[in-house]
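Read the figures in this text as sums done on the coordinates, not as results from a lab. Here the structure is a predicted model, which means the values were calculated and not measured. Quick reminder, even Gly has a Cβ in these numbers, built from the backbone with ideal geometry, and neighbours come from all protein chains shown.
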Ligand SMILES: N[C@@H](CCC(=O)N[C@@H](CS)C(=O)NCC(=O)O)C(=O)O
């Protein structure tokens, strides 16, 4: 722990975790150097548990010895601390909208998308697919430019990385070009962005991560 406290900036993460990738993309977009510490899911280190005793999850960002957890909160902290290449818009109303859509993606897209892949029960999977399509239609309507953030990747784009990630892992089309043409094009532009390309784990790493998570995602309580 002393080691991390002495560091300027450390990210505790786990390879393949989309929440961790979000933070890595934000740091890279801003060109910020940091030390990365790998955590083992299901067997988190004492250090991680000390830094995030409430949620007991990665990612945790430790800046000058001070821990910050929850990926959306971390992203806002990064944007407020390092001004270059802003992730959130400067206008308060636009910032509020970005926060709204980012939360919408977490609440209404990520969970049903995971269920469409991992839930063994076919009826439940169909229900989740319907929920997901309804939510994706809202996002499709919201996408006005190349990215949600305009010409550049922003807060909502980073939140939405779950969609192409799940699609890739499932090796099936969750959103096809005829059903969601704008989102389809967005996912290609997003994946081809140099920072995203550089940050995304390999397909094998993503498979390994999702395989390990599949059991808990398929649990009836989720
Ligand atoms: N709401 C959290 C979710 C983070 C999360 O779900 N982290 C998972 C890995 S993807 C985790 O650390 N799980 C603990 C474990 O499996 O031991 C965030 O946005 O940061």
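For this structure, a couple of remarks:
- Alpha carbon centroid spacing (whole Å) that separates segment 79-124 from segment 1-56: 20
- Modelled label reach - residue 28, point 7 Å along Cα→Cβ, segment 138-153 residues with backbone N closer than 15 Å: 153
- Relative contact order, percent, the chain [alpha-carbon distance under 8 Å, six or more residues apart]: 22
- Taking only the C-alpha atoms of segment 38-147, the Rg (one decimal) and the largest Cα-Cα distance, Dmax (whole number), read 17.5, 49 Å.
- Ellipticity at 222 nm from helices only: DSSP H runs of n ≥ 4 in the chain, each -39500 (n - 2.57), divided by the residue count, give -16500 deg cm²/dmol.
- The stretch between residue 122 and residue 55 holds 21.0 nm of extra length on full extension. This uses 0.36 nm per residue minus the Cα-Cα distance.
- Taken over the chain, the alpha-carbon convex hull comes to 124 cubic angstrom per residue.
- Proportion of all alpha-carbon pairs of segment 2-81 beyond 15 Å (%): 50
- A convex hull fitted to the Cα coordinates of segment 86-156 yields 82 cubic angstrom per residue.
- In whole percents, the pair-distance distribution calculated for segment 92-217 from its alpha-carbon pairs, binned every 5 Å from zero, is 2, 10, 20, 24, 21, 15, 6, 2, 0.
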